[in-house]
Amino acid sequence: MSIVSDQWPLRARVAARLWGAYERAGEAKEALLRRMQPGRMRIVPRSWPLWARMCPCDLDFCDFLQEREFRSKSIFHLGTGGHHLVGLRNRADDMGNVVLGLTLSPGEIKRYVKLVVRDPILGQNYKVLFADVHDLHAASLPDFDLVTLFHLCESGSRSGHLLSDEGVVGLFISKLKPGGLLALYRQSLGYRRLRPIIAAAMAAGTLKHLEDYKSLQILHVPSKAC
């Protein structure tokens, strides 16, 4: 998600603020449910629409894959959105990538199931996991050619998880093949908190800046992380 800009047309600003109110209402409901059920999983109580002005990262990412001829590779994508654009574009553009998406939104999982039931071919190259990225084990993941962490650090620090935000970055660096790419979203609300984590990885030599592409920052792994 991105911050609402005063340069947007009035209609877009109003829509964004209405969406913000909808988000806050959902979060308040979830907070109440967690008080009633202390062991309840922290989910995202909404399904993100495709809104290019507010959050263009998935659109930019699909364009990046197409323009750079990134084909027949293994991709991890954090935050599918209810639109599931990355999986759908991968098929429509005939890229042949194998994409593992991850979401914390029950609504986005339901949408994925509907899409795959309607079109089983989509599910051959596009799988979606319902989980918190902070609770992933290295042993449950393959190695990837490209990882997106567009929305990491947006939810703030949380206790009780296997991994911190730094741990998530370290996990996926270890899961990137030599020369593999890490894509970040520079307009994310969490990007400010993510930058020092990435800077530390660059200082350690486990990541190097490759390029800025539209709203994205693209880094690469120069050698296999230990």
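The values are calculated or read from the model by the stated rules, or taken from the named source; none is laboratory data. Keep in mind that what you see is a predicted model, and the values were worked out from it rather than measured. Counting neighbours? That spans all protein chains shown, and the Cβs are built from the backbone with ideal geometry, glycine included.
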Inter-residue pairs, beta-carbon under 6 Å, first over 15 Å from residue 211 (Cα atoms) and in the range 52-65, second part of a helix (DSSP H, G or I), 6+ apart: 52/59; 53/12; 54/16; 58/85; 58/86; 62/89
Some residue of the range 72-79 being within 15 Å of the chain's Cα centre (by Cα), touching a residue at least 40 places away in the same chain (Cβ under 8 Å) and at positive phi: yes
Residues of the range 126-141 that turn out to be assigned to a loop (DSSP other than H, G, I, E, B), of a type outside the set (D, E, K, R) and within 17 Å of the chain's Cα centre (by Cα), as a count: 3
Residue tally, condition surrounded by fewer than 18 Cβ atoms within 10 Å (Cβ to Cβ) and part of a loop (DSSP other than H, G, I, E, B), over the range 84-112: 3
Residues located in the range 190-208, provided they are in a loop (DSSP other than H, G, I, E, B) and either buried (at least 19 other Cβ atoms within 10 Å of the Cβ) or on the phi < 0 side of the Ramachandran plot (or both): 190, 204, 206, 207
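Conditions tested, residue by residue: (1) without any contact (Cβ under 8 Å) to a residue 24 or more places away in the chain; (2) of a type outside the set (Asp, Glu); (3) not in a loop (DSSP other than H, G, I, E, B).
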residue: 114; (1), (2), (3): yes, yes, yes
residue: 124; (1), (2), (3): yes, yes, yes
residue: 150; (1), (2), (3): no, yes, no
residue: 153; (1), (2), (3): no, yes, no
residue: 188; (1), (2), (3): no, yes, no
residue: 210; (1), (2), (3): no, yes, yes
Subset of the range 91-138 (residues that are within 25 Å of residue 72 (Cβ to Cβ) and polar (S, T, N, Q)): 97, 103, 124, 125
Test: residue in the range 157-175 that is closer than 20 Å to residue 61 by Cα, touching a Cys at 6+ places or on another chain (Cβ under 7 Å) and either outside any helix (DSSP H, G or I) or at pLDDT 95 or above (or both): no
Unmet criterion (only one of (1) without any contact (Cβ under 8 Å) to a residue 40 or more places away in the chain; (2) closer than 16 Å to residue 43 by Cα) for residue 107: (1)
Failed criterion for residue 34 (all others in (1) in contact with a Lys or Arg (Cβ under 6 Å, 6 or more places away or on another chain); (2) crowded, with 17+ Cβ neighbours inside 10 Å; (3) modelled with pLDDT under 80 hold): (2)
